[in-house]
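In what follows, a structure is listed as structure tokens, so that the remarks can point back to it.
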Amino acid sequence: MSISLEGRSHVLQCITKLCSHCSATAQVADLVTVGCRMGSYSSHVSKIEDLPGIIQETGFTKAHICRLYNRFEELDKSNKGSLSREDFQQIGELAVNPLGDRIINAFFPDGKQTLDFRSFIRILACFRPTVKNKFADPNAPEPINSRNNKLQFAFQLYDLDRDGKISREELIQVLRMMLEAQVTDDQLESITDRTIQEADLDGDGAISFEEFRKSLENINLEHKMSIRFLQ
Amino acid sequence: MGRDRSVVSWVLLTAPHVLLCCLVALSSANEGHSDSDTEHGESHGGNETSFHIVTFRWEHVQAPYVIALWILVASLGKIVFHLSEKVTSVVPESALLIVLGLILGGIVWAADHTASFTLTPNVFFFYLLPPIVLDAGYFMPNRHFFGNLGTILMYAVIGTVWNAATTGLSLYGIFLTGIMGNLDADLLHFLLFGSLIAAVDPVAVLAVFEEVHVNEVLFIIVFGESLLNDAVTVVLYNVFSSFVQIGAENVQGLDYFKGIVSFFVVSLGGTAVGIVFAFLLSLVTRFTKHVRVIEPGFVFVISYLSYLTAEMLSLSAILAITFCGICCQKYVKANLCEQSITTVRYAMKMLASGAETIIFMFLGISAVNPKIWTWNTAFILLTLVFISVYRVIGVAVQTWILNHYRVVQLEIIDQVVMSYGGLRGAVAFALVVLLNDNISEKKLFVSTTIIVVYFTVIFQGLTIKPLVKWLKVKTSQQKEPLLNEKLHGRAFDHILSAIEDISGQIGHHYLRDKWTNFDRKYLSKIMMRKSAQVSRDRILSVFRELNLKDAISYVSEGERRGSLAFIRSSSDVNVDFTGPRHSVVDSSVSAVLRKSTSEVCLDMQAVENRVRSLKDREEIVTHHMLQQHLYKPRKRYRLNYSRHKLARSEGEQQDKEIFQRTMKKRLENFKPTKIGNNYSSKLRNLKKERAAKKKHSGAMSNGKLPTYSVSFHVNKDSDVEDQYDPSDGGINFLITPDSNNPDEARAGIDNPSFSTEEDNSTFQMTPPWMSNEETVIPSQRARLQLPRSPTNFRRLTPLQLSNRSIDSFLLADIPDEHPLSFLPESAM
């Protein structure tokens, strides 16, 4: 902890660059760690609190939860039972992800500084593939990985000030992150304007969640916002 | 002239006769000697001893002539089918073509009793198949393809092996029971037949599924399977046919092992060849800047070479050309100029669809030949049953396995369509014809294959559409990507790869991220032009496409409305959609315009924004495209012949030509306006004066009244006119550059706005027609929403200066009677 945060992220970036230079090696390394994790499932099950509750809430299987718990502990470098922003920032690939910071922020809602396992897995559960269940009870609470929740997660990445609307400035910021330096400011602005104009139904110059949902009606979100969690 | 006419009339008179002769000649082409020859010889009264003015040399042109005629017949057939929408909406084109082929084959047979035209494997594999597969690869939706690659590979490899093995073994089993009668075949023969009949055919699948529009995932799985199973088919076919050659008793264990090894060699080798050639192709297109005209040729030639190379090395040629197309598409599209890309696109589509047409027609024709038929009801029926049943079983089992690993599950409905989409086609037919003649049951295999192909293409092709409708299969929406979708889609990708990182998964997104980085760091740098590397963000390109589309529809809306002039002007915004038949502007026009302007408004601004950052070469390319589209209606007038330059020649002569044509065209619109009393009497007087003046000059070759009126009109307020020598016609003096201004001369400024620049102030203050009541001044609302504010116009003008080919576009926008109204903004 003696290295300053800045220095550390710099080191991280170097490492990431190295990794991406020899991506094959990186993958092998990852595979090795996956293999290691597999061996230690049973030892952790007891540590997880309220396993049945989590299963019910998230829909993950027990094996999934164990695996994610291992990951959680792995990320938790200081073994304090919760994750901090710094823990996330140490994930190499995340540092090069243009939306990395925003996504990390999404794990720490309402200015919280720590993240326990329950919240961690709850957010991840959002990305479970949606399985159409014909026998679903219409009165049942909305599952955590519903289309709406997936959209909500994406929406909050844009909506920095949490006023329920993506304003022009907010959209520009995100676009600038995603489009990198190839685009001039003028282009950026006109793209933003056009995007807002396209989605803005009530003409207030901002995109509300409802409008956001409408503009993505034709996207197969079950496909685009789902990860197959390894068994 | 007279001679030409007589030739034409001769052709017209004898055309039916010649056609008839040709048909007969075709039917007996292989015999070398034909009745039509002698017939013609007589009709021309050729004298053997003297010089022939005209000789009839059928043999000389026979081969290419026959080919061209067949292509023509097939294409005409296509036209005929599409005359009736009802028929084509129910019956797939491929089925119609087969029927047409059967009829034509029947005619040929009736005429001659030989089947001289069949689909030979050589022609099919060397000339007809490559364009179709290349087209498939080049337009492959890469994201879907690689996203589903695992599934596709499973179906292609395991599914095909399963189909081949089960069909062959089952047929053999039934054969042993004796139902089929006495066949001279052993297990290997059945397996060989099973392997050639097992593969789903890319041509048939493409032809049928293109009309069905199932959703992308389903389509890519069935289609990808049909492409990738080629390697399996080739290997199985080669292995079994060589086993048949050496005899079952001589086959050793080592040979089976070799067979398995050869599968990997053939498939991976084919893919590697494709990738190598794709790399070559991308690299070559990087340096074609100065040979724009042959640029599109490289795409075809190098891809075709990949096919031939793979064939030469006995690797999977289909895989090679598919992957060549898949891998090169990104770089080729970035490197070529817009026109070349369009050329490639259309040429590829034309070749592919032409080849497909010919394939299906010849599938029909080839069947009309009693010599190839042997009927064995049990064998044929059982084959049909087995391939259908085992396809269903195979799909169901594999899908069940795959669904454990897929994010998007394949539902029962999808499985039904996939099973039903297992069409067999020309590949199977070509392979069965290729069989060695010493296989005693070859005839039976050929007949059965034909029946299977007909059954799947015609029956299943006919019924798949109703089936898809009935099952309510998710169909694809054919629509342009919205910016929102593209943008948020990108965000989703980032989110997913972040979540994958956080949860420690190695998924698609992780790999794709890695690939994108690798591509950006190395591949693109090697294979893309510098200019193309700068801005190739997909979001940007979607944005650009949307803008262009809007701009084009905006302009074409104006042109459709009958006027080339729709907006001009400064603070007095003045919409003038003069209809060609009306002198008075229809007020509803502005309403129509108003409707569309709200969305256009921003686009124009965006175009302008891009203009601002002109350093970017890409921008210029974009504008070339814009210009190209905008100019289209008058394109045919660009008749200047040059083999090496297209539309880029800076020749002033051409500029003049373009300008004159443009003016003429506009004049035609303008004429009724004049008749409709749109001029003030003062103007008319002036016109007469000017006309008289011009006649005095005596150099007028173009005596059309409208020309006079306009030339006069445009120049009324520009004193420069007198300096010009109006030797080339009424308009010409306008576009002759001011000799004092070399800059203008170079750029070939044929734009009245520039030639009249010096003297615009008075003109602008009191344009005489502004006082004319009949000019409609739009409502307040229309003014507010008009897309081009004066500043916008100023932004556009310099661009056109820098890029002369747009001049005519600009011209088209400026109505004759208001040439100067926006000039103050365009002042340099």
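Every number here is computed from the coordinates shown, using simple stated rules; none is lab data. Model, not experiment: these values are computed from the prediction. Note that each Cβ is placed from the backbone with ideal geometry, even for glycine, and that neighbours are counted across all protein chains shown.
The distance linking segment B:200-244 with segment B:263-287 is 20 Å (Cα centroid to Cα centroid, whole angstrom). The packing ranking of peptides B:339-345, A:164-170, highest mean first, is B:339-345, A:164-170, where packing means the average number of other beta carbon atoms within 10 angstrom of each residue. As a calculated quantity, the FRET efficiency between A:Thr61 and A:Glu86 at R0 = 30 Å, using C-beta atoms, amounts to about 0.50. Inter-label distance, B:Val276 to B:Phe51: 5.7 nm, where each label sits 7 Å from its Cα along the C-beta direction.
Okay, which of segment B:490-527 sit inside 17 Å, backbone N to the point 7 Å along the Cα-Cβ direction of B:Leu283? Inside the label zone: B:522-527. Restricting the chymotrypsin sites (Phe, Trp or Tyr not before Pro) of segment B:265-316 to loop positions (DSSP other than H, G, I, E, B) with no more than 11 neighbouring Cβ atoms within 10 Å leaves B:Phe287. Residue ranges B:119-125, B:71-77 sort as B:119-125, B:71-77 when ordered by packing (mean number of other C-beta atoms within 10 Å per residue, highest first). On the principal axes of its alpha-carbon atoms, segment B:235-325 has extents of 62, 18, 14 Å, going from largest to smallest. One quarter of the surface of the convex hull around the alpha-carbon atoms of segment B:274-427 equals 13.6 nm², the direction-averaged projected area. Taking a quarter of the surface of the Cα convex hull of segment B:373-457 gives a mean projected area of 6.6 nm².
Can you tell me the order of B:386-395, B:94-103 when each peptide is scored by its average per-residue count of other Cβ atoms within 10 angstrom, highest first?
So the order, starting with the most tightly packed, is B:94-103, B:386-395.
Spacing of the modelled spin labels on B:Gln409 and A:Leu51, each 7 Å from Cα toward Cβ, amounts to 2.5 nm. Averaged over the residues of peptide A:152-160, the number of Cβ atoms from other protein chains lying within 10 Å of each residue's Cβ is 2. B:Ser556 versus B:Val251, label points 7 Å from Cα toward the beta carbon: distance in nm? A separation of 5.8 nm, rounded to one decimal place. A Förster distance of 51 Å, applied to the separation of the beta-carbon atoms of B:Leu434 and B:Thr516, puts the FRET efficiency at 0.75. Averaging Cα coordinates gives a centre for segment B:141-193 and one for segment B:423-454; these two points are 14 Å apart. Using the beta-carbon distance between A:Ser119 and B:Lys549 and R0 = 60 Å, what value does 1/(1 + (r/R0)^6) give for FRET efficiency, to the nearest 0.05? The computed FRET efficiency comes out at 0.85. Cross-link pairs exceeding 26 Å between alpha carbons, from the set B:Lys86/B:Lys549; A:Lys112/B:Lys521; A:Lys77/A:Lys224; B:Lys289/B:Lys525; A:Lys150/B:Lys486; B:Lys78/B:Lys443: B:Lys86/B:Lys549; A:Lys112/B:Lys521; A:Lys77/A:Lys224; B:Lys78/B:Lys443. The charge dipole of segment B:390-500, taken about its Cα centre with unit charges on the Cβ atoms of Lys, Arg (+1), Asp and Glu (-1) only, comes to about 320 debye.
Mean per-residue shielding of peptide A:217-224 is 5, counting Cβ atoms of other chains within 10 Å of each Cβ. Averaging Cα coordinates gives a centre for segment B:52-91 and one for segment A:155-208; these two points are 56 Å apart.
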